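Heads up: the structure comes next, in structure tokens.
Where a number appears in this text, it was derived from the coordinates with a stated rule and is not lab data. Being a predicted model, the structure only gives us computed values, none of them experimental. Cβ coordinates were reconstructed from backbone atoms using ideal geometry, including for glycine residues, and neighbour counts include every protein chain displayed.
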Amino acid sequence: MKILSDKMRAGSIQALILTVFILLSLKRVAFADTVPCAPGGITITEDTPGNPMVSWSNMQLSEYYVVFIKRDDGLEVYCNTSQIQCHFQTECGFIYFISVFAYNNAGQSPLGDVFNYTTAPCCPSDFGPAFISSDTLEIVWSPVRGAEMYETKVDNGTHVNLCNDTDTICALSALQCNTYYNVTVYSFSEIRGSNTSCTSKSVITAPCSPEITNLTRIDSSTYDIHWTSNNDRVLYSAQARGDAGSWTCNGSGTFCRLSGLPCGSFFSVSVTASTASGQSLPSYSFPLETAPCCPANLRVVQVTQSMTNGSWSMAAGAQTYTMMLESPRGKAKCHTLETHCLLGCITCGTTYLVSLEAISQTGFASICMFQGYSSSACCPSGVRLYRLSNNGIRVNWRISSGAKNYSVDLYSSKGNFTCTASADLSFCDISEIPCGDIYTVVMTPTAKDGSKVMFCSKKTYSVTCSGSSVGIVIYRRK
């Protein structure tokens, strides 16, 4: 009976093993005829921009996977892998629709969840910073795909300016002159936020305004304009503006020379600095006044033996005039608002150096030299009349300086009489004059240039008769 019992137990074990084997075989056949479930747990990571990785959970009965990726513009790509992850290429500003299918011999898994992935908006790259003033930067760019808003940033390392706008233009002001800035335009979308991978462009703001320190007069029409500035590699331009026009000089250092400025003019001088980035605001202006012009048409006319009248044309820029006659014997001077004046204390028969100073309302003067002036010959002194034996009259005088010769005229009711003498003589004779009349005697020295002195004093004499001949000659008065 024991042997029978052991045999029966062994038979039961074999039957159980057979049953389990049959069940496992049936289950394997059932599984082999079932498609895998749709993969779940789909995630996307993008460690490298433009090359994200999609991953999912491992599904039973799956032999491989196919990832279908469709872009919102219709482009389709797929990835076939036996792994549970796959890399694919993306471009900025698109929406990608991602589906993952599992496959085995039985076929394809059902469609699972469709995963939407939006890439970061594209970065503006064609922006060109342009300065609309020395401290204001205007930036314009083209719209980019996927961007709903833009943020513009300028940074000089210590100060940051920001501008946010939905438009593709931005102005950033209150920038520091002559300073390097990094300019970046970031794109922004509500889903992805800001694209922080946008690259910067470097710009330098326009140079700072120079400061004029001095104006140096070189001559009557030339000035050196000096300034200070902390700009580098800059071209400076100094400009003088006034009613007479505009004059400009350029320099890369700390001064330039303005030349050819007209006399008698007022100018306002300013300096600007220019680089490829732009032009600075003008410096504060400096006044510049050129010396008055020299008067023209100067005439010097002797009025009396000791007084001369000077006259001239009005000169640009002049308010008053000073005329001076100078010689080793002395000088004469007058200062006037008019274009003429009288000079006294003139010495006859003397050559003078003539100068006329034109003075502006600020005291700026031009000293103008003219051709020398010679005063008239001196009038002879000691004029006397003497009777001659042949009914003649001798006119006698003291020789004066500056005369080339002398002319003596006697005027009376009975006739006019004349005699002449060279410069080295002190008398001349007139014969056969009527007696019994009053004679006016005029001495006229002739200068070396041929001009006659017409302001010498006259003298009057009575010539009496002695019988039919000339009697006594009596001096009456001037």
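Laid out as a table, the results:
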read-out: Label-point gap, in nm, between ARG71 and TYR180 - each point 7 angstrom along Cα→Cβ; value: 3.7
read-out: Listed residue (THR136, ALA318, THR119) projecting farthest to the positive dipole end of the chain, Cβ model; value: ALA318
read-out: Relative contact order computed over region 299-374 (Cα-Cα under 8 Å; 6+ residues apart), in percent; value: 31
read-out: Label-to-label distance, nm, for residues given as ALA316 and ASP429 (7 Å Cα→Cβ offset); value: 6.6
read-out: Eligible aspartates and glutamates near LYS70 by straight Cα distance, threshold 13 Å, same-chain separation 8 or greater; value: GLU91
read-out: Residues whose placed amide H lies under 5 Å from that of VAL453, excluding near-sequence neighbours; value: ALA447
read-out: Helical mean residue ellipticity (222 nm; -39500 (n - 2.57) per DSSP H run of 4+; nearest 500) of the chain; value: -2500 deg cm²/dmol
read-out: Overall dimensions of the chain as given by Cα atoms, namely Rg and Dmax in Å; value: 58.9, 229
read-out: Average Cα contact separation per residue, the chain, under 8 Å, 6 or more apart, as relative contact order %; value: 7
read-out: Modelled FRET efficiency - R0 30 Å, THR418 with VAL303, Cβ distances, 0.05 increments; value: 0.70
read-out: Percentage of interatomic Cα-Cα distances in region 80-224 larger than 18 Å; value: 68
read-out: For region 299-374, the spread of Cα positions along each principal axis, largest first, Å; value: 37, 21, 17
read-out: Exposure proxy ranking, count of Cβ atoms within 10 Å, fewest first, for SER189, SER57; value: SER57, SER189
read-out: Loop chymotrypsin sites (Phe, Trp or Tyr not before Pro), region 224-300, which have at most 16 other Cβ atoms in a 10 Å radius of their Cβ (DSSP); value: TYR284
read-out: Per the chain, cysteines lacking a partner by the 4.7 Å Cβ criterion; value: CYS37, CYS345
read-out: In nm, spacing of pseudo-spin labels at LEU111 and THR228 (7 Å Cα→C-beta vector); value: 7.8
